[in-house]
Each structure stands twice: as C-alpha cells, then as structure tokens.
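S.K.: Below: one structure in structure tokens.
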Amino acid sequence: MIILVIKNQNMKQQNGQHTTNYFDTLIEVSNDCKASAGQIPALKNDKKTIAYRQFALVSKNPYKFTSDDVLFQVHADKNDLTESEYKAAREQFFSKGQACFRASPLIKQFGWGLHSDSNGKVALYGRETEEYQNLIDDPNTAKVKGMRNSKK
C-alpha cells in the first residue's frame, strides 16, 4: 500500500501541531458527487452523523470557526468530552494528522463546497449557488477538489 501525502501551500502547520486549516481556498464538491445542489444531512437512526454535526456547526456559524475548530468540536461532541477536557484532548487530536474537509461527506456526498477565508474561517456553499460559482471564478481563491467517493 502506498500512501501519498500532498502538502498544500494554503495549509499551515501551527505550533508543531498538524492542521486541516486552509486559507483563501475553496474545497470544491467532489467530481463524482451525485447531489446537484447542497443537501442537508439527515439523522441516521435518530443519531447525529458526522455530516449532520459538521453541517449544523458550519451552516449556523459561517466564518466563525476554522476547519480545525469544527473537526475537533465534532470529535468532542461525538466522544462526550467536557469543556475542561478540551485543551488536552485537542492537543492529542492534532498531534497526528487528521483528514481534512476534502474527505467530508458534505463535500463528497451532499453537494457542499467549503470556503476558507484569509483567517482560515470556514463557510459552506451549495454547488448550485451564485456564491459558489463566484468563488470558482475568483482568481484570488485557491481551489482544491474534494476527494472522490470511489476509486477509478
């Protein structure tokens, strides 16, 4: 098995910790995503899925959190961490590399693009929206493709 690591110039390591943060970048909807528009993830068996948790946090708080903030908060909520445990748990969580939003079901399955501003704060845009198209057309915004759902 060969593992390929691509270091994006728009991602920066912070304080020796791994990061998933991008800056001035749009993570585009995966090429093989079947959703023609951004779809709201549903609960599965009355439980909050990763996609549901990510969507709820980012859609209600555009440009408030970084990718790292969102991914850690989803991890903390899923594992029932208390706020007093956050600092140590976050350091542990980012002591090793984590999958970035390119691998998120929001990008791969639900038709959402994720934009990171110059401060690394994120917002979601459905692929059908004018805002998404404006980001695609913006020469000052770097673009990275979401990961594919299947190998080709």
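The values are calculated or read from the model by the stated rules, or taken from the named source; none is laboratory data. A quick note: this is a predicted structure, and the numbers were derived from the prediction, not measured. Here the Cβ is made from the backbone with ideal geometry for all residues, glycine too, and neighbour counts use every protein chain on show.
S.K.: Please determine, by comparing only the residues of the range 73-119 that are among the aromatic types (F, W, Y) and closer than 28 Å to D138 by Cβ, which one is surrounded by the most Cβ atoms within 10 Å (Cβ to Cβ). Working first, answer last.
M.R.: In the first step, residues of the range 73-119 are kept if they are among the aromatic types (F, W, Y); the result is 86, 93-94, 101, 110, 112.
Those left that are additionally closer than 28 Å to D138 by Cβ: 101, 110, 112.
Values: F101: 26, F110: 26, W112: 33.
Looking at the filtered set, the residue picked out is W112.
S.K.: Now, a different point. (1) surrounded by fewer than 19 Cβ atoms within 10 Å (Cβ to Cβ); (2) under 16 Å from T25 (Cβ atoms): which one isn't true of N45, the others all being true?
M.R.: (2)
S.K.: Counting only residues that are closer than 14 Å to A123 by Cβ and among the hydroxyl-bearing types (S, T, Y), how many does the range 39-64 have?
M.R.: Number of matching residues: 2.
S.K.: Related question: For the range 110-152, which positions are modelled with pLDDT under 95, closer than 21 Å to V74 by Cα and of a type in the set (S, T, N, Q)?
M.R.: none
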